[in-house]
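Encoded as structure tokens, the structure appears first; notes follow it.
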Amino acid sequence: MAGLSWEAWLTLAVVAALLVALVRGVARPDLLLLASLAPLLVAGVLTPEDAFAGFANPAVIAVGALFVVAAGVQATGALAFADRLLFRNGEGVGRATARLMLTTATLSAFLNNTPLVAMLMPRVQAWCARAGVAPSKLMIPLSYAAIVGGTTTLIGTSTNLVVAGLVVEAGGPEMGLFDLTPIALPAALALVAWFGLVGHRLLPDRGLDAVEAGPVPAECLFEVRVAEGSPLVGRSVEEAGLRDLDGAYLAHIEPRDSEATPATPATVLRAGDRLLFVGALDALDGLLGRPGLGRPVRGLGDGLPLFEAVVAVGSELVGRTLREVAFRERYGGVVVGVRRRDRALTGGLGRAALEAGDLLLVEAPTGFAQRWGRDRDTFVVVARVRPGRAPAPPARRATSLAILAGVIGVSAVFDVPIATTAFVGALAMVASGCLSGAEARRSVDLPVLLVIASAFGLGRAIEQTGLAEAVAVAVGGAAGPFGAMGVVVAAFVATSLLTELITNNAAAALMVGVGLESARAVGAPPEAFALAIAVAASCSFLTPIGYQTNMMVMSAGRYRVSDFLVSGAAANLIVGAVSLLMIWVVWF
């Protein structure tokens with residue numbers, strides 16, 4: 001490292017600062033990666049053509065187009081058939097886990113895994129309720145299956161396309177649609193087998209209606225308002241029939257412009273009172289159907305979809321109340337309930353300070369998920385509890401599936417670049433009416449595209465300044481005694497650890513240059529390193545913040561961080577060991 005040029009030292013300083021900022025959550029990852037190009041541009045390390053070449057890279061086009069294709073399939077409800085594949089009546093937890101993971105991993109190989117998990121979560125919860133199985137037994141397997149399934153094809157996750165694009169940029173070979181399959185598919189099957197046979201037994205059983213930490217922490221805190229002129233005004237809680245309810249109990253009453261007080265059977269109701277209930281979500285609809293009771297906030301209207309959204313780690317909502325952030329005005333939805341995974345909430349909805357992992361029940365127009373669901377640094381929209389769109393006709397559902405099959409089939413059979421087939425498929429989704437133009441625009445995850453495009457510029461700086469070569473020499477010196485395969489293992493482990501700290505796309509961008517230089521240094525196939533880094537960058541199993549689907553299932557499964565550490569350690573070992581074994585078999 002002593003012989004590095006000043007350009008390489010500056011690039012190293014930028015990368016180090018970027019890693020610290022990403023780990024500490026100083027700002028959104030896309031903004032941090034984009035900002036990291038500025039000092040390199042100003043210093044002349046990168047030309048504008050080099051810095052912004054990623055914005056014209058086919059990988060960025062492919063990812064953006066695939067968002068639209070996946071949104072078309074989801075919007076038409078074409079995956080409703082998955083219900084028949086997920087579970088069977090009378091099936092044990094082990095078989096149900098294996099069936100769920102196989103189905104999820106297969107779909108995740110061709111569809112964006114975040115909306116896929118959002119679609120499957122309520123179906124898993126419904127089966128758990130019917131079968132009397134704790135959701136904590138199935139939610140982590142659902143997330144892990146979506147993650148590992150995405151590694152099995154080039155289009156399964158944007159990380160694979162980032163790696164493929166960076167390899168081509170560096171003069172390496174082009175990756176085919178199924179080049180990852182011989183490596184990642186056995187690892188995915190091994191993970192499914194583990195959870196089906198052993199892993200589900202090690203997951204906690206947090207029950208269906210309660211968890212260990214308290215009497216009602218798994219239930220929602222929600223509000224209803226005593227309307228002006230309500231027949232309940234002047235009556236006591238007991239006289240109004242609000243004392244003994246199925247699925248909920250009245251915990252506090254918050255008079256207008258006053259602090260909440262505990263509710264007693266003799267408390268007299270007044271117009272404008274906010275009634276704070278704790279209980280199941282189903283009780284909310286029943287209460288709103290009673291004469292004289294209404295929503296705590298007027299203006300959105302009845303019959304709107306109801307969404308579940310999880311507050312993200314590092315979100316600007318953490319530590320602030322809904323009133324302080326003006327949630328309704330800013331996000332266009334009303335929070336009608338909040339559920340905290342480890343204890344019951346107290347006080348009014350507008351006055352409760354939010355925490356990471358809180359599940360918000362948001363009543364909002366149908367565009368809420370598309371508009372805000374991808375801003376994962378604020379909250380993750382995990383499910384639509386109440387539908388807001390009529391089912392598409394069968395012909396349109398078939399059309400969306402045909403378009404998806406065409407995108408995959410034409411690329412695989414005729415060796416057409418995936419950017420081309422995905423772009424044509426995205427246009428076909430809109431032209432066929434499977435997706436409106438507005439829905440197509442909202443489906444594109446701009447922050448992800450910015451991360452990918454910026455990563456290409458940063459990767460070019462790492463390579464051109466000689467930094468990648470210097471790091472590769474250092475890695476090769478440490479792992480060299482174990483041969484070329486030992487260097488591949490070292491690259492895999494480094495990438496896997498890095499992806500737990502920062503975004504998987506950023507981890508891949510930082511490691512691809514190092515991996516390719518390591519391949520040249522030890523005379524190993526560059527494909528071996530590229531495949532190892534692609535799989536390792538997606539191995540985000542250890543923490544709930546490692547990948548967005550982990551964060552999505554955390555509240556639904558009532559998990560603790562330790563649950564991910566235990567299950568994730570086993571998952572990392574299994575996926576790492578099997579994929580590295582397959583790389584050795586195929587390439588060495």
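Worth pointing out:
- Spin-label model, LEU85 to ARG243: label points 7 Å out along the Cα-to-beta-carbon direction sit 5.3 nm apart.
- Positive-pole candidate from GLY294, SER555, VAL14, dipole of the chain, charges at beta carbon: GLY294
- The long axis of helix 29-42 is offset from the longest Cα principal axis of the chain by roughly 40 degrees.
- The value obtained for the stretch 430-513, namely the Cα convex hull volume divided by the number of residues, is 133 Å³ per residue.
- Normalising the average separation of contacting C-alpha pairs (under 8 angstrom, six or more residues apart) by the number of residues puts the relative contact order of the chain at 22 percent.
- From the coordinates shown, percent of Cα pairs over 34 Å apart corresponds to which of (i) 41; (ii) 51; (iii) 44: (iii)
- Nearest 10 degrees, 0 to 90: helix 394-414 Cα axis against the chain principal axis: 10
- Axis of helix 58-75 versus longest Cα principal axis of the chain: the two differ by about 30°, to the nearest ten degrees.
- Mean Cα-pair separation over length for the stretch 447-537, i.e. relative contact order, pairs under 8 Å, 6 or more apart, %: 36
- Gain in span if fully extended, SER5 to ALA402, counting 0.36 nm per residue against the direct Cα distance: 137.6 nm
Quick note: the coordinates plus some simple rules give every number you see, no bench work behind them. Fair warning: this is a prediction, and the values are worked out from it, not measured in the lab. Cβ coordinates were reconstructed from backbone atoms using ideal geometry, including for glycine residues, and neighbour counts include every protein chain displayed.
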